[in-house]
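The values are calculated or read from the model by the stated rules, or taken from the named source; none is laboratory data. Everything numeric here is computed off the predicted structure, so don't read it as measured data. We place every Cβ from the backbone using ideal geometry, glycine too, and count neighbours over all the protein chains shown. Just so you know, the surface numbers come from the protein's heavy atoms only, side chains and all, with ligands and any DNA or RNA stripped out. Shrake-Rupley method; radii C 1.70, N 1.55, O 1.52, S 1.80 Å.
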Amino acid sequence: MKLVAPLPAFGRADLAMAGGKGANLGELVRAGYPVPDGFVVTTYAGELTDDVRKAITGAYARLGGGPVAVRSSATAEDLPGAAFAGQQDTYLNVVGEADLLDAVRRCWGSLWTERAVAYRGRLGIGDAGVRMAVVVQRMVEAEVAGVMFTADPVTGDRTRLVVDASSGLGEAVVSGLVTPDHYVVDGRGRIGFTPGRREVVIRSAAGGGVVREGAGPVPAGAVAGRVPGVVEAERLPDAVVAELARLGRDVAAHFGRPQDIEWAYAGGRLHLLQARPMTALPPPPVGRLNPIQRRIATVLMEYLPERPYPIDMSTWIPYGPAGLMRKVLGAFGVRRAFDGFLEEEDEVVYRLLPPSPKPGLGVLAAPFRVLAKALRYDPARWTEDRRYLDYLAAIEALRGRDLQGMSWGELLRVPRQALALVSPVADLRVDYLPGTGLALLRLLAVVRVLGRRELFADLLHGARTRTTDANRALEGLAEVARRTRAFEVEPMPGEFVEALAGFLDEYGHRETVSPILVTPPTWADAPEVVLGLVRVLASDAPASKGLDAPASQEGDDALGRLLAHPLLRGKGRRARVTRWVEAARAGIAFREDSHFSFMMPQPVLRGSLLELGRRLRDAGALAAPEDVFHLRLEEIEDVTTLRGADVERLREIVTRRALKREELAGVRLIDPAAIFPPAGTGDALLTGAPAGGGTVTGPVKVIATPAEFGRLAAGDVLVCPYTNPSWTPLFQRAAAVVVDTGGAASHAAIVAREYGIPAVMGTGTGTSALQDGQLVTVNGDTGTVTSAVTSTVTGTVTGTS
């Protein structure tokens, strides 16, 4: 058991003994990088016994004595997902045995400061598993020092290296006391420079410790690269910046990931003082997307408002709607659609990379397959298909099983059984979507021939779907709530509670957040979401625009206008065109209703996973049942006994992935600007894809999650990051809708057009650019949102399409 050992004695595998900082520095020394000599007081030391004192002072003497830097090195710091930057103490220019021993003692104590304990608590790291080592290194009297990032911390670009530097010790840069010189080195070695101000310079003091000196700001109007006086004298030469960049890239390659490196320049030499993985680093830019990638990315951004968990990646993402779309496209010869669109880092989803589908040889036969299926399978009769009826029966049987009463082995089989149920619906989509497509193309051709192209969208309105059924049922719930004053009394009236239970039994499998994730709750899991919708709908008397009335009315009006065409005066022609319109509506209903049915196995899957999580929690492997989401399904299936090594293994996996997920909490899966490139806005606050509906003015209400549904008031402009069918009841009260994601063909755009409200999709930044109460004008025909501060009209439609 080593109490003290020189830095070269340690490597990445010695984290438990040397802590994160000590292990990384030892690794750098072993690899031959210019690291100041030093030693590590290992985690075995713990307290200043006589043996520990002797070991430390002996190592200090062998180092040659003199000034040293003393840095804490906890076993949970400088790791992927947990940098612990600034959470423990560092002491510079420590001179003499007594001060060294005192600095070591204070480093140990910094493990238990309020900020360090709070930081660990936020990351879910228990105090019992954390220990402290201390790194002691020869002090470098830096002329210039700072921090280097081997990737651009803002854009995520791995080809750009960023260096911040200032005079004296690097503590001024690390602590944010100065505006540093800023260097950017691109992939071709070109150096960009922006001068800092050097408000403060930290230098070593005689006899120990440090002093702060004022250096004065850069003169006003100084030009980058030609800064006079002391600033020019202390600007790093290009050759030194280039060498620093080379070292940084080598270190990043050695550790296999971008690094955050502290460095110093003294006496014509560079020194690396510490290196740790960069945290919260955005994914690399995806570059220029082709039109197909942008279209797919628009859909995926709407489907992924939050980061998928490992359990999503191993269950519902490959088997759910994304897997369904891949299977449907593959059936008609399109390869690599929705393959590998999510990349992982440290076993956590890190990046959305829009796929680029490729046509295979099967595309040549696709027209014949599409025609054959369109003639054989009528979308208006898909619910009569024996496969669909068998599917419903299988779901009902699985839903009726008692998960809590199952043995561990029986319970382990339920997720796969739930996933196996979705295959028939995918087959139904393959068979019936061609009929949908053919019906839509036929109707489009008719309106174009007749010169009535503007009627096409309205003709599709009015089809009865499971979404309109759910919306109608919600309005019924709202009526019960109004009549019984359900939101005004405690407990809620029995009539309303019974009606709510019936609603959730029929529609409770609907998603609250995303159809391709299993981890967010369904309506049944989160009835408060439904109550929020009901509260919005019950807040006043039913509006003139009912939840499904406008769609059917507009559809009937459009059909009447179409049939009034001179070329459709004959009864036969009118009847034929009417059938074609009904067929197109049936196709739209099939698309909507098959999705509704496709989601039915999801609650069974989610329920079985949470029951597995509860049992793993009871066994001590998890802190909460929901922690099971950090595991992959196959990792859970490998658990044969709920004790011993299996429990320890799962606990370590969950802790590591939870740390990584926490690190990425503020990092986007993809830069929205790559999908929705910024456009010249003129006097507009936002621009996006126009989805129709005319123009309206009203106050902004930003609704970020389904939990906030109850905040929307009649006449508000609904601004949200994404939508799905669960959001559509809000459209009855909203004056307009503005969405960060989606396009003119997205669900929100279609429903908004049915309700006759303006919609602007794919703004990219609507939820951050607009604030609650801000008065705006939404133009759904031009795709713009402008300020309306001079207007006093709320919710006034000035035109519809």
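Among the residues that make up region 724-731, is at least one of them within 18 Å of the chain's Cα centre (by Cα) and touching a residue at least 40 places away in the same chain (Cβ under 8 Å)?
yes
Could you look through region 747-765, keep only residues that are of a type in the set (G, A, S) and surrounded by fewer than 24 Cβ atoms within 10 Å (Cβ to Cβ), and pick out the one that is modelled with the lowest pLDDT?
G756
Please state which one of P321, P284, P291, P305 is free of Cβ contacts under 8 Å to residues at least 40 places away in the same chain and either over 21 Å from C720 (Cβ atoms) or crowded, with 18+ Cβ neighbours inside 10 Å (or both).
Working: P321 fails: free of Cβ contacts under 8 Å to residues at least 40 places away in the same chain; P284 fails: free of Cβ contacts under 8 Å to residues at least 40 places away in the same chain; P305 fails: free of Cβ contacts under 8 Å to residues at least 40 places away in the same chain.
Result: P291 is the single residue among P321, P284, P291, P305 that is free of Cβ contacts under 8 Å to residues at least 40 places away in the same chain and either over 21 Å from C720 (Cβ atoms) or crowded, with 18+ Cβ neighbours inside 10 Å (or both).
Name the pairs: first residue in region 654-680 and over 21 Å from P354 (Cα atoms), second residue in a helix (DSSP H, G or I) and of a type in the set (D, E, K, R), Cβ to Cβ under 9 Å, at least 6 apart or on different chains?
Hits for this filter: V654/D627; A658/D627; E662/R122.
Identify, from the list T49, T43, T57, the residue that is among the β-branched types (V, I, T) and touching a residue at least 60 places away in the same chain (Cβ under 8 Å).
T43
Where in region 677-727 are there strands (runs of 3 or more DSSP E), lying wholly inside it, with at least 1 residues that are open to solvent by 10 Å² or more (accessible area, probe 1.4 Å)?
684-687, 695-702
Kindly provide the set of residues from region 149-184 that are open to solvent by less than 50 Å² (accessible area, probe 1.4 Å), in a loop (DSSP other than H, G, I, E, B), farther than 23 Å from V667 by Cβ and among the small types (G, A, S), ordered by number.
Once the filter is applied, which keeps residues that are open to solvent by less than 50 Å² (accessible area, probe 1.4 Å), in a loop (DSSP other than H, G, I, E, B), farther than 23 Å from V667 by Cβ and among the small types (G, A, S), region 149-184 yields only G170.
State whether the residues of region 44-51 include one that is of a type in the set (V, I, T) and either on the phi > 0 side of the Ramachandran plot or surrounded by 18 or more Cβ atoms within 10 Å (Cβ to Cβ) (or both).
no
Any residue at all in region 129-149 that is within 28 Å of A658 (Cα to Cα), of a type outside the set (A, V, I, L, M) and modelled with pLDDT of 95 or more?
Yes, some residue in region 129-149 is within 28 Å of A658 (Cα to Cα), of a type outside the set (A, V, I, L, M) and modelled with pLDDT of 95 or more.
For region 9-28, what are the residues that are crowded, with 16+ Cβ neighbours inside 10 Å and more than 20 Å from V104 (Cβ to Cβ)?
The answer is G11, E27, L28.
Conditions tested, residue by residue: (1) outside any loop (DSSP other than H, G, I, E, B); (2) modelled with pLDDT of 95 or more; (3) within 29 Å of R416 (Cα to Cα).
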position	(1), (2), (3)
R326	yes, no, yes
L329	yes, no, yes
F338	no, no, yes
S356	no, no, no
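If you scan region 606-638, which residues turn out to be touching a residue at least 60 places away in the same chain (Cβ under 8 Å) and assigned to a loop (DSSP other than H, G, I, E, B)?
If the condition is that a residue be touching a residue at least 60 places away in the same chain (Cβ under 8 Å) and assigned to a loop (DSSP other than H, G, I, E, B), then A623, L631, R632 are the ones that fit.
Taking S768 as meeting all but one of (1) open to solvent by less than 10 Å² (accessible area, probe 1.4 Å); (2) free of Cβ contacts under 8 Å to residues at least 24 places away in the same chain, write down the number of the exception.
(1)
Residues of region 454-486 being open to solvent by 40 Å² or more (accessible area, probe 1.4 Å) and in contact with a Leu (Cβ under 8 Å, 6 or more places away or on another chain), which ones?
The answer is R472, and nothing else.
In this structure, does L500 turn out to be over 22 Å from L304 (Cα atoms), at pLDDT 95 or above and touching a Phe, Trp or Tyr at 6+ places or on another chain (Cβ under 7 Å)?
No; evaluated as a whole, the condition is false for this residue.
So in region 355-412, with the set limited to residues that are among the aromatic types (F, W, Y) and under 30 Å from L631 (Cα atoms), which one is surrounded by the most Cβ atoms within 10 Å (Cβ to Cβ)?
Restricting to residues being among the aromatic types (F, W, Y) and under 30 Å from L631 (Cα atoms), the top hit is Y391.
Can you give me the ranges of the helices (runs of 4 or more DSSP H) entirely in region 368-470 with at least 3 residues that are under 33 Å from the mean Cα position of the chain (by Cα) and in contact (Cβ under 8 Å) with a residue 60 or more places away in the chain?
386-399, 408-420, 423-449
Spot the failing condition for A76; the list is (1) part of a loop (DSSP other than H, G, I, E, B); (2) small (G, A, S); (3) at pLDDT 90 or above; (4) at negative phi, and only one is missed.
Failing condition for A76: (3).
Would you be able to tell me the number of residues in region 599-649 that are more than 29 Å from Y391 (Cα to Cα) and touching a strand residue (DSSP E or B) at 6+ places or on another chain (Cβ under 7 Å)?
0
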